[in-house]
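Colleague: Shown below is the structure under consideration.
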Amino acid sequence: MRSQLRRYCALLLLATPVVLWATDQSWKNHVSESDRSRTNPYTSHPDAVAAGARVFADHCAKCHGVDALGNGKRPSLRTPEVQEAKDGELFWLLKNGFLRRGMPSWSSLPEPTRWQVVTYVKSLGLSSEDHSSERKDNRK
Amino acid sequence: MRSLLGYAQATVNIRHGLCCLVLIFLLQGVCFSQEPPYFVTYSQVLEEPGNLELALRSAVGTPQYGNQFRSATLELEYGATGWWTTEVYLSGQNTANDSTIFTGYRWENRFRPLPREHFINPVLYVEYENLNEADRSLLEVVGNDNQADLRVPNSEARQETERSLETKLILSSNFRGWNVSENFIAEKDLNESGPWEFGYALGASRPLALAASAKECAFCRERFMVGAELYGGLGTTDGFGLKSTSQYAGPTISYDIPKGPTATFGVNFGLTDNSVGTIYRFKLSYEIEQVFRSFKRAQ
């Protein structure tokens, strides 16, 4: 009876990380509502895309590729999952990272810089025509 | 004459080391690390997975009634995973009117136990050291480390090798562009049944600009980071406290050279009679992106 109990305990201990891993696949599940609803102060800032692109080239391109299309196991940032994510969600991901999946935390970058990166990443999903019209709108 | 030869040899060695670093830098992609400009204090920042940071750091100081020493340490830091960074240090030093010697190596590992960012972020640090007593890298100060230790001639000091285990609890916070880090150090000599030695390091730093500029610029403010460090010994299990310890404090500054390495400079002032008056520190670090992927591509 005791050995059977031990076997169940061992099985439970072994199974726990597997279950946790399986239920922890998407980083979006961890973002709180308050973080998700945060607004990007750089959305309509005329230079934010260019500034974010510079930071992206320095810190992010090494894994996600210069064109943000991904690199090996590192995901593309032009996928619907990223492009349809809210700015607050992407900002949360930059701050916290997803360490288990290889995404480091970028909390040491100041907040304004991280928002600039979010602005740049979101600009990648727009076609070049949309992008130029958005820039014209911003200038107005 | 001997010291002149030693100094010349050290210069040649450092020149060779720098040439190798420059070559590697030219062959690989280089990017900037996000590390604060500390020499002794560790923050929560780990190496990005797959990246290798090469750094050459030196400390120059003159103990009272002793000869000037110049240490050189080569640092190889690799991001194994998002939560684990492993690092090897190779150290040597040159002492004026004495000699130039290799002093030993360190192997350290840092782990982030918590997957998310918190107001205070802990990092666990474990290091194995195999250094002789002539080591002058001063990467940490523990126990009752004293400037008198730095006066011992190399020929005598190198006879004794210390194999020790060093652990650190790193606590670090980022808020409003500031980084504030606190390290608590405990070190045990594995050769002897001596007491545990304790130390601490505190650091605070901030970039000069919080937002990046849209245009490429060599001297824009976000490329500079300024900070200050305070570190020293805290005695041993036999006598805990600040009595008979060496303590240092001073400013640091780092600069991200455009499309190049990061240069960091710091001056540490001795705060007690046991401390060296002034220690000048310099560090040049390159981060090579996705190092093993580059090797695979080359094959």
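Colleague: Residues of region B:82-109 being more than 18 Å from B:Ala134 (Cα to Cα) and acidic (Asp, Glu), which ones?
Modeller: Of everything in region B:82-109, those that are more than 18 Å from B:Ala134 (Cα to Cα) and acidic (Asp, Glu) turn out to be B:Glu87, B:Glu108.
Colleague: What tally of residues in region B:153-170 results from selecting those that are more than 14 Å from every other protein chain (Cβ to nearest Cβ), crowded, with 17+ Cβ neighbours inside 10 Å and in contact (Cβ under 8 Å) with a residue 40 or more places away in the chain?
Modeller: Counting residues in region B:153-170 that are more than 14 Å from every other protein chain (Cβ to nearest Cβ), crowded, with 17+ Cβ neighbours inside 10 Å and in contact (Cβ under 8 Å) with a residue 40 or more places away in the chain gives 4.
Colleague: Quick one: count up the residues across region B:251-293 that are without any contact (Cβ under 8 Å) to a residue 24 or more places away in the chain and within 15 Å of the chain's Cα centre (by Cα).
Modeller: Adding up the residues that qualify gives 3.
Colleague: Which one of these is of a type outside the set (S, T, N, Q), within 14 Å of chain A (Cβ to nearest Cβ) and touching a Phe, Trp or Tyr at 6+ places or on another chain (Cβ under 8 Å): B:Gly233, B:Gly260, B:Gly250? Before the answer, list the steps.
Modeller: Details: B:Gly233 fails: within 14 Å of chain A (Cβ to nearest Cβ); B:Gly250 fails: within 14 Å of chain A (Cβ to nearest Cβ).
Just one listed residue meets the conditions, B:Gly260.
Colleague: Does at least one position in region B:229-244 carry a residue that is under 22 Å from the mean Cα position of the chain (by Cα) and charged (D, E, K, R)? Before you say what the answer is, go through the steps one by one.
Modeller: Initially, region B:229-244 is screened for residues under 22 Å from the mean Cα position of the chain (by Cα), giving B:229-235.
From what is left, the residues that are charged (D, E, K, R) are B:229.
Within region B:229-244, one or more residues are under 22 Å from the mean Cα position of the chain (by Cα) and charged (D, E, K, R).
Colleague: Going residue by residue through region B:283-297, is there one that turns out to be away from chain A (no Cβ under 12 Å), surrounded by fewer than 16 Cβ atoms within 10 Å (Cβ to Cβ) and at pLDDT below 95? Explain how you work it out, then say what you get.
Modeller: At the first step, the residues of region B:283-297 found to be away from chain A (no Cβ under 12 Å) are B:283-286, B:295.
Now drop any that are not surrounded by fewer than 16 Cβ atoms within 10 Å (Cβ to Cβ), which leaves B:295.
When the remaining residues are screened for being at pLDDT below 95, the result is B:295.
So far as region B:283-297 goes, yes, one or more of its residues are away from chain A (no Cβ under 12 Å), surrounded by fewer than 16 Cβ atoms within 10 Å (Cβ to Cβ) and at pLDDT below 95.
Colleague: A follow-up question, please. If a residue must be within 14 Å of chain A (Cβ to nearest Cβ) and surrounded by fewer than 21 Cβ atoms within 10 Å (Cβ to Cβ), how many such residues does region B:172-198 contain? Spell out how you get there, then give the answer.
Modeller: So the first thing to find is which residues in region B:172-198 are within 14 Å of chain A (Cβ to nearest Cβ), and the list is B:172-181.
The next check asks that each one be surrounded by fewer than 21 Cβ atoms within 10 Å (Cβ to Cβ); those that pass are B:173, B:175-178, B:180.
Qualifying residue count for the region: 6.
Colleague: Checking B:Gly79 against (1) more than 11 Å from chain A (Cβ to nearest Cβ); (2) part of a strand (DSSP E or B); (3) at pLDDT below 95: exactly one of these is not met. Which one?
Modeller: Unmet condition: (1).
Colleague: May I pose another question? Criterion first (at pLDDT 90 or above, under 30 Å from B:Pro113 (Cβ atoms), in a helix (DSSP H, G or I) and among the hydrophobic types (A, V, I, L, M, F, W, C)) does A:Leu109 satisfy it? Show your work before the answer.
Modeller: Details: at pLDDT 90 or above: yes; under 30 Å from B:Pro113 (Cβ atoms): yes; in a helix (DSSP H, G or I): no; among the hydrophobic types (A, V, I, L, M, F, W, C): yes.
When the stated conditions are applied, A:Leu109 does not pass them.
Colleague: Inspect all residues belonging to region B:42-50 and state whether any of them is more than 14 Å from chain A (Cβ to nearest Cβ) and either within 17 Å of the chain's Cα centre (by Cα) or under 30 Å from B:Asn179 (Cα atoms) (or both).
Modeller: From region B:42-50, those more than 14 Å from chain A (Cβ to nearest Cβ) are none; that's our starting set.
No, every residue in region B:42-50 fails to be more than 14 Å from chain A (Cβ to nearest Cβ) and either within 17 Å of the chain's Cα centre (by Cα) or under 30 Å from B:Asn179 (Cα atoms) (or both).
Colleague: Just for region A:1-24: of the residues that are surrounded by 10 or more Cβ atoms within 10 Å (Cβ to Cβ) and within 20 Å of the chain's Cα centre (by Cα), which one is modelled with the lowest pLDDT?
Modeller: A:Trp21
Colleague: On to the next question. Considering each of B:Leu242, B:Leu150 in turn, give the residue that is of a type outside the set (D, E, K, R), without any contact (Cβ under 8 Å) to a residue 60 or more places away in the chain and closer than 17 Å to B:Val276 by Cα. Before you say what the answer is, go through the steps one by one.
Modeller: On the way: B:Leu150 fails: without any contact (Cβ under 8 Å) to a residue 60 or more places away in the chain.
Just one listed residue meets the conditions, B:Leu242.
Colleague: Any residue that is surrounded by fewer than 16 Cβ atoms within 10 Å (Cβ to Cβ), in a strand (DSSP E or B) and within 14 Å of another protein chain (Cβ to nearest Cβ) - is there at least one of those in region B:99-107?
Modeller: No, the conditions are met nowhere in region B:99-107.
Colleague: Continuing with the same structure: Sort through B:Leu56, B:Leu46, B:Leu74, B:Leu90 and tell me the only one that's free of Cβ contacts under 8 Å to residues at least 40 places away in the same chain and of a type in the set (A, V, I, L, M, F, W, C).
Modeller: Working: B:Leu56 fails: free of Cβ contacts under 8 Å to residues at least 40 places away in the same chain; B:Leu46 fails: free of Cβ contacts under 8 Å to residues at least 40 places away in the same chain; B:Leu74 fails: free of Cβ contacts under 8 Å to residues at least 40 places away in the same chain.
After ruling out the rest, the residue left standing is B:Leu90.
Colleague: Can I ask one more? Any idea how many residues of region A:74-92 are within 10 Å of chain B (Cβ to nearest Cβ) and out of contact with any strand residue (DSSP E or B) (no Cβ under 9 Å at 6 or more places or on another chain)?
Modeller: We begin by selecting, within region A:74-92, every residue within 10 Å of chain B (Cβ to nearest Cβ); these are A:74, A:92.
Narrowing further to those that are out of contact with any strand residue (DSSP E or B) (no Cβ under 9 Å at 6 or more places or on another chain): A:92.
Count: 1.
Colleague: Can you run down the residue pairs with Cβ atoms below 6 Å, 6 or more apart or on separate chains, where the first is in region A:35-62 and more than 8 Å from chain B (Cβ to nearest Cβ) and the partner is acidic (Asp, Glu) and part of a helix (DSSP H, G or I)?
Modeller: From region A:35-62, the pairs are A:Arg36/A:Glu89; A:Asn40/A:Asp87.
Colleague: Could you pull out the residue among B:Ala201, B:Ala218 that is aliphatic (A, V, I, L, M), more than 11 Å from chain A (Cβ to nearest Cβ) and surrounded by fewer than 18 Cβ atoms within 10 Å (Cβ to Cβ)?
Modeller: Numbers: B:Ala201 fails: surrounded by fewer than 18 Cβ atoms within 10 Å (Cβ to Cβ).
Just a single option satisfies the conditions, and that option is B:Ala218.
Colleague: Check region A:93-101 and report whether any residue there is away from every other protein chain (no Cβ under 12 Å) and either assigned to a helix (DSSP H, G or I) or in contact with an Asp or Glu (Cβ under 7 Å, 6 or more places away or on another chain) (or both).
Modeller: Just the residues of region A:93-101 that are away from every other protein chain (no Cβ under 12 Å), to begin with: none.
Within region A:93-101 (the criterion being away from every other protein chain (no Cβ under 12 Å) and either assigned to a helix (DSSP H, G or I) or in contact with an Asp or Glu (Cβ under 7 Å, 6 or more places away or on another chain) (or both)), the answer is no, since none of the residues qualifies.
Colleague: Same structure, new question: Would you check which residues across region B:109-121 are touching a residue at least 40 places away in the same chain (Cβ under 8 Å) and part of a strand (DSSP E or B) and list them?
Modeller: B:Arg110, B:Asn121
Colleague: Right, next: Go through B:Ala96, B:Ala59 for me and flag whichever is more than 11 Å from every other protein chain (Cβ to nearest Cβ), surrounded by fewer than 21 Cβ atoms within 10 Å (Cβ to Cβ) and in contact with a Lys or Arg (Cβ under 9 Å, 6 or more places away or on another chain).
Modeller: Numbers: B:Ala59 fails: surrounded by fewer than 21 Cβ atoms within 10 Å (Cβ to Cβ).
Result: B:Ala96 is the single residue among B:Ala96, B:Ala59 that is more than 11 Å from every other protein chain (Cβ to nearest Cβ), surrounded by fewer than 21 Cβ atoms within 10 Å (Cβ to Cβ) and in contact with a Lys or Arg (Cβ under 9 Å, 6 or more places away or on another chain).
The values are calculated or read from the model by the stated rules, or taken from the named source; none is laboratory data. Remember, it's a predicted structure, so these values are computed and weren't measured experimentally. Cβ sites come from the backbone with ideal geometry, for glycine too, and all protein chains shown count toward neighbours.
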